[in-house]
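Enquirer: A single structure is presented below for examination.
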Amino acid sequence: MIRSLTLYQRLLLYLLLLNLADWYFTCYGIRNQYIQEANPLLSDIITTDPLLVLLWKCAGPLILLYLLPHCRSSWVQHALLFTVCLYSMVNLYHLVFFCLYIV
């Protein structure tokens, strides 16, 4: 199944995994009082209902996975590449923080 996916569909699935990892690291850090949520739109929601944030983080890539085959615009593909790079850096930051300060 994975082999039949296009590059952009694979990137969207990777983005979904990156979002899940970001959500986990953020919830772990908040729950143990290591960090605070940096996103002002999510800061109140993640402390009261973290599963709602998880649904929000999963909905974006899944909706794009459905819509991407219908969109031929190159800016959408470039935005996807930028977003994957951005979330890769966010998760790298989480991993470095976790390894340096928690383990």
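The values are calculated or read from the model by the stated rules, or taken from the named source; none is laboratory data. Just so we're clear, the structure is a prediction, and the values are computed from it rather than from any experiment. Cβ: placed from backbone, ideal geometry, glycine included. Neighbour counts: every protein chain shown. The area values use the complete protein model at the heavy-atom level, side chains included, leaving out ligands, DNA and RNA. Shrake-Rupley method; radii C 1.70, N 1.55, O 1.52, S 1.80 Å.
Enquirer: Any residue in the stretch 52-66 that's at pLDDT 90 or above: show its pairings with residues that are outside any helix (DSSP H, G or I) and open to solvent by less than 90 Å² (accessible area, probe 1.4 Å) at Cβ separation under 7 Å, as long as the two are six or more apart or on different chains.
Expert: Within 7 Å, the pairs are Val53/Leu42.
Enquirer: Within the stretch 39-52, identify whether any single residue is open to solvent by 40 Å² or more (accessible area, probe 1.4 Å), within 14 Å of the chain's Cα centre (by Cα) and polar (S, T, N, Q), and answer yes or no.
Expert: Yes, there is a match, as at least one residue in the stretch 39-52 is open to solvent by 40 Å² or more (accessible area, probe 1.4 Å), within 14 Å of the chain's Cα centre (by Cα) and polar (S, T, N, Q).
Enquirer: I would also like to ask the following. Mind checking which pairs have a first residue in the stretch 15-43 that is part of a helix (DSSP H, G or I) and a second that is open to solvent by 100 Å² or more (accessible area, probe 1.4 Å) and among the β-branched types (Val, Ile, Thr), Cβ under 9 Å, 6 or more apart or different chains?
Expert: none
Enquirer: Is one or more of the residues making up the stretch 44-51 touching a helix residue (DSSP H, G or I) at 6+ places or on another chain (Cβ under 9 Å), without any contact (Cβ under 8 Å) to a residue 40 or more places away in the chain and either under 20 Å from Val96 (Cα atoms) or among the hydrophobic types (A, V, I, L, M, F, W, C) (or both)?
Expert: Among the residues of the stretch 44-51, at least one is touching a helix residue (DSSP H, G or I) at 6+ places or on another chain (Cβ under 9 Å), without any contact (Cβ under 8 Å) to a residue 40 or more places away in the chain and either under 20 Å from Val96 (Cα atoms) or among the hydrophobic types (A, V, I, L, M, F, W, C) (or both), which makes the answer yes.
Enquirer: Scan the stretch 78-96 and tell me whether some residue there is of a type in the set (Val, Ile, Thr), outside any helix (DSSP H, G or I), out of contact with any Cys (no Cβ under 6 Å at 6 or more places or on another chain) and free of Cβ contacts under 8 Å to residues at least 60 places away in the same chain.
Expert: No, the conditions are met nowhere in the stretch 78-96.
Enquirer: Considering every residue within the stretch 10-29, establish whether at least one is at pLDDT below 90, open to solvent by 50 Å² or more (accessible area, probe 1.4 Å) and under 26 Å from Cys99 (Cα atoms).
Expert: Looking only at the stretch 10-29, we keep the residues that are at pLDDT below 90, and these are none.
Among the residues of the stretch 10-29, not one is at pLDDT below 90, open to solvent by 50 Å² or more (accessible area, probe 1.4 Å) and under 26 Å from Cys99 (Cα atoms), which makes the answer no.
Enquirer: For the stretch 65-98, name all the residues that are touching a Ser or Thr at 6+ places or on another chain (Cβ under 9 Å) and open to solvent by 40 Å² or more (accessible area, probe 1.4 Å).
Expert: Passing the criteria: only Pro69.
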